[in-house]
Each structure stands twice: as C-alpha cells, then as structure tokens.
1. Just the accessible area for Y53, please: 1.4 Å probe, Å², rounded to the nearest 10?
2. Whenever you get a sec, line up E106, E143 from highest to lowest accessible area (probe 1.4 Å, protein heavy atoms).
3. For the stretch 116-125, what does the Karplus curve 6.51 cos²θ - 1.76 cosθ + 1.60, with θ = phi - 60°, yield as ³J(HN,Hα) per residue in whole Hz, taken in order and with x for Gly and Pro?
4. Non-local amide H neighbours of F114 (under 5 Å, H modeled in plane, Pro and chain starts lacking H): which ones?
5. Given H placed on each backbone N at 1.01 Å, which residues far from N121 in sequence or on other chains put an amide H within less than 5 Å of it?
6. How much of the accessible area of the stretch 13-144, in percent, comes from carbon and sulfur atoms when a 1.4 Å probe is used?
7. From the phi angles alone, apply the Karplus equation (6.51, -1.76, 1.60; θ = phi - 60°) to the stretch 17-32 and give each ³J(HN,Hα) in whole Hz, x where the residue is Gly or Pro.
Amino acid sequence: PKSKIRTSSQNSAEENDDIRPKIRLKFDSPSGYHRQLLVTADDNASNNFDMGYDAPSLDNSVADMFWLINESSYVIQGVNNFNYDQELPLGLKTKETGLVRIIIDEFENLPENFKVFINDNIYGETYEISKNQPFETELDAGEYYNRFSLIFQPRLLTLDEIELTNGINTFINN
C-alpha cells in the first residue's frame, strides 16, 4: 500500500507515508468566499470520475471554484499524471463582479522548481501561479465553465510574438 497510517493503539502518532504528488489551489471570490481544491497524481486514477480518488462538491454556493469532470463539479480530483500535456478544467461561479484570485496553497511531494499555470481559454493566455504569485482577473458576476484550466506548461509564443520580443533582424546577402 502507498499510504500507511498507524493508530494510537499502536503507541505511535499518526504517520502518513503518502508520497503521491499533490497540488492544493486556493480560490478567493470578490465577495470574500474561499475554497481550497486538491488534485493528486496517482497511477490508478484517470481524468474521468474515479471512485475513491474524486470527491464531488456538495456545496451549491453562489461563489465557488471546482474541478470539472464530465460536466460535474468536484473539490478533489485524482489524475494519473502532471505531465506537460495534462489540462485540468476549472469551473468558477461569482455572485459579485470583481477580482477573483487563484493561488497555490501548497505543493506536496513535488520538486521545488515545479511550475503550474492557469490557462484562460477565452484569451489564449497562460499565467504562472505559485504560493507568492496568484492569478488575478476581474470577472463579471456569473458562471464560467469553459474558460479556465490548470496546466503544466506555458503557452507557446506565436511567430509574431517572438519577433516583437526579440526585435526585427534584417539580413541581406549580395
């Protein structure tokens, strides 16, 4: 077993040897509502609903963030990897117009240089997030089911963006 918990009857404090990588996200709504989400990488999980790995959201709050799995909302999700091609859709609901914030609450069993990004599917932009660097955006009150996702690599720059970043070089061969 990957997880080992000792009971107090074994004359030991609780010991958890769970080495699976975990990401805890924290969401803050414009109205002050907070939600923490958990995603865990486990070889036995998939991106679909997996009994014992995924936990449905039981709240029906007017402000919330949740994982979207097959158009249903979850507060805990198990997936089989955190690879570069992995994309984990997020749903958001806001009662009030204003600033929403998504930040890393905690990484567990991940390298120090591990990076995650919020992808804005409407604007095609990605934003790196960390414990010190939140993703923040102004949203109108409403429900956002296809706009945001957690990804594991930044968006690739287009040729036009590379030229603007690096300047324009001209070469003439006589």
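The values are calculated or read from the model by the stated rules, or taken from the named source; none is laboratory data. It should be emphasised that the depicted structure is a prediction, and the values quoted were computed from it without experimental measurement. Each accessible area value is taken on the protein alone, full model and side chains, heavy atoms only, with ligands, DNA and RNA left out. Shrake-Rupley method; radii C 1.70, N 1.55, O 1.52, S 1.80 Å.
1. That residue has around 70 Å² of solvent-accessible surface.
2. Ranking E106, E143 by accessible area, largest first, yields E143, E106.
3. 10, 9, 9, 9, 9, 5, 6, 9, x, 10
4. Close amide H contacts, sequence-distant or interchain: none at all.
5. Amide H neighbours of N121: F148, S149.
6. It is 43 percent, rounded to a whole number.
7. Karplus-based 3J(HN,Hα) across the stretch 17-32 equals 9, 6, 9, 5, x, 9, 10, 10, 9, 10, 10, 10, 8, x, 8, x Hz.
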